[in-house]
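A short write-up of the structure that comes next.
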Amino acid sequence: MSRLDHYVRGRTWIATTIAGEEVQKRNPNGSNFNFTVEEIEAWKKDPASYLAYRRTLEAELQGAHIICMKDSHPQVEARKFFIQLMKDRLAKKPEVADHMIPDFPPLCKRLTPG
């Protein structure tokens, strides 16, 4: 069994995989995925539908940036969500969570995707 050590110099938010609804429909576990041959062929025949799909993804992913606005409702909710996520992931070692959860808002610094 191999082991991976990861060192963090300071407190950091460890977030969930960030993706829009379209990506999560296809990819609920957060890993990479491949388009089907049928999808690729359909988009070749109808480039406008491919462009529409790409624009949907962009709007969903870029729309999440509202959580960067200090003390906004989305940022407050994101903070609660990330805290719970980190505590759940570190349930066997709660003392680690106490040393990792930042006192600064999410997205004030780069997120560490979990």
(message) Between a residue in the range 99-114 that is closer than 15 Å to ASP71 by Cα and among the acidic types (Asp, Glu) and any residue that is at pLDDT 65 or above and assigned to a loop (DSSP other than H, G, I, E, B), which pairs come within a Cβ distance under 9 Å, given they are 6 or more apart or on different chains?
(response) ASP103/ARG11
(message) Which residue is nearest to SER72 (Cα to Cα), if the candidates are limited to the range 94-109 and must be modelled with pLDDT of 85 or more and among the aliphatic types (A, V, I, L, M)?
(response) ILE101
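The rows are residues; the columns are (1) of a type in the set (D, E, K, R); (2) within 18 Å of THR16 (Cα to Cα).
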residue: GLU60; (1), (2): yes, yes
residue: CYS68; (1), (2): no, yes
residue: SER72; (1), (2): no, no
residue: LYS80; (1), (2): yes, yes
residue: ILE83; (1), (2): no, yes
residue: ARG89; (1), (2): yes, yes
residue: LYS93; (1), (2): yes, no
residue: MET100; (1), (2): no, yes
(message) For the range 94-113, check the following and say yes or no: at least one residue is of a type in the set (Asp, Glu) and either in contact with a helix residue (DSSP H, G or I) (Cβ under 7 Å, 6 or more places away or on another chain) or within 27 Å of LYS25 (Cβ to Cβ) (or both).
(response) no
(message) Just to verify a result, which residue in the range 25-52, among those that are part of a helix (DSSP H, G or I) and modelled with pLDDT under 90, is surrounded by the most Cβ atoms within 10 Å (Cβ to Cβ)?
(response) ARG26
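The values are calculated or read from the model by the stated rules, or taken from the named source; none is laboratory data. In this text the structure is predicted, and so the values were computed from the model without any measurement. Ideal geometry is used to build each Cβ from the backbone, glycine not excepted, and the neighbour counts take in all protein chains shown.
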